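Heads up: the structure comes next, in structure tokens.
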Amino acid sequence: MPLYVIREFDPWRSPLCTCPPKYSFQPYTGCSHSCLYCYARSYISRFTRGSFISRPKQNLIERLLHDIRIIDKSKPINMSTSSDPYPPEEKKFLVTRKSLSILLRHGCKILVTTKSNLVVRDIDIIYNKPVAVMITITTLDDNLARKIEPGAPPPSERISAVQKLAENNIPVGVRIDPIIPYLNDDLEMLKELVKEVISAGARHIVTSTYKADRVSFKQLIKVFPEYEGKWRKLYFEDGEKIGRYYYLSQDLRKKFLSIIIKTADNYGITYATCREGLPLRKSPSCDGSHLILSQTIRA
């Protein structure tokens, strides 16, 4: 029997993915956050004719109910891995809220991954349920965030969301990714970001560096033309190609990631890297799915 909206998680065939077995579920097509660095830009544009405006999937609830009867409920469902489940349009359409209610009513475990503070609206339905939240925060600089994540809420609001979730005993972690040379790679600022999110209540940190591909790289140099030459050297001359992406050199990746990892370790929380192929992990899961059951245990 085919699945319609819940899929087996496919890490873009990355040989470096260490995610545990899980499903992915995107309530929306497109992503209004329009992040310049998004690894899924080319994929999204194929289905939205170049637009990144989030649109609810057709017949979503009917198709979701079909899939729930088939899936293995021992595996978590990640909302979402390419299209944010909390775009601005969610305030109107409420499809993520409706989907969460249905999934939880049917005994599913949920990992929410988002760049939006709108997730706190749904505390009433995720409290004391098998749900964990990972919020992406790339920088403490709201001005920089407006340029690289033009449709997403400012980082200051996302940190407030981490705190609100933690205060309500919702297990929450933070994704500090991607780290992009010359934009958000200042080591002291990265250390301060880690301290801020842990102080707000984050229990887990995932981090990674920007991996260049044709579509996202074009968007970055369009907004930051002054760094084009430096980025081309770092990625296409001194870096390495792994799968379909160009990576920074291993030494440079270690330099950026280690400051985050060491700071997280000093505070005693779990941490991991994402698709880096580096032995920098101290966690039962890289994506934060190990947090899911901790809410009901602690409540």
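Throughout, read-outs are computed from the coordinates displayed, never taken from laboratory work. Just so it is clear, the structure is predicted and the values come from calculations on it, not from any experiment. Reconstructed Cβ throughout: ideal geometry from the backbone, glycine too, with neighbour counts over all protein chains shown.
Computed about its Cα centre, the charge dipole of the chain is approximately 820 debye, with only Lys, Arg, Asp and Glu carrying charge at their Cβ. Rounded to the nearest 10 degrees, the inclination of helix 250-266 to the longest alpha-carbon principal axis of the chain is 50 degrees.
Could you tally the net charge around T138, taking each other residue with its Cβ under 13 Å from the Cβ of T138, Lys/Arg +1 and Asp/Glu -1?
After counting each charged neighbour, the total is -2.
Of all DSSP bridge pairs formed entirely within the chain, close to 30 percent run antiparallel. For the chain, the longest principal axis of the C-alpha atoms and the axis of helix 187-200 are separated by about 20°. Which FRET efficiency value, to the nearest 0.05, is calculated for R69 and K98 with the Förster distance at 25 angstrom and r the Cβ-Cβ distance? My answer for the efficiency is 0.90. The K282 and Y182 beta-carbon pair, evaluated with R₀ = 30 Å, returns a calculated FRET efficiency of approximately 0.55. Rounded to the nearest 500, the 222 nm mean residue ellipticity of the chain from helices alone is -10000 deg cm²/dmol, with -39,500 (n - 2.57) taken per DSSP H run of at least 4 residues.
Residue-wise HN-Hα couplings along segment 225-231, as the Karplus relation 6.51 cos²θ - 1.76 cosθ + 1.60 with θ = phi - 60° gives them from phi, are x, 5, 9, 4, x, 5, 5 Hz; Gly and Pro carry x. Take the Cα of Y267, step 7 Å toward its Cβ, do the same at R146, and the gap between the two points is 2.7 nm. Using a simple spin-label model with pseudo-atoms 7 Å out from Cα toward Cβ, Y227 and R244 lie 2.3 nm apart.
Projected area of the chain, taken from the Cα convex hull and averaged over every viewing direction, in nm²? All intermediate terms of the calculation are to be shown ahead of the outcome.
Numbers: hull surface 57.4 nm².
It is 14.4 nm².
How much length is gained on full extension from N169 to R7, taking 0.36 nm per residue of separation minus their Cα-Cα distance? Full extension of this stretch gives 55.4 nm more. Between the Cα long axis of helix 214-223 and the first principal axis of the chain there is an angle of about 70°, rounded to the nearest 10. Name the residue from I198, C274, L94 whose Cα lies farthest towards the positive end of the charge dipole of the chain, charges +1 on Cβ of Lys and Arg and -1 on Cβ of Asp and Glu. Ranked along the dipole, the leading option is L94. When you count the other C-beta atoms within 10 angstrom of each residue and take the mean per peptide, 158-164, 15-21 line up highest first as 158-164, 15-21.
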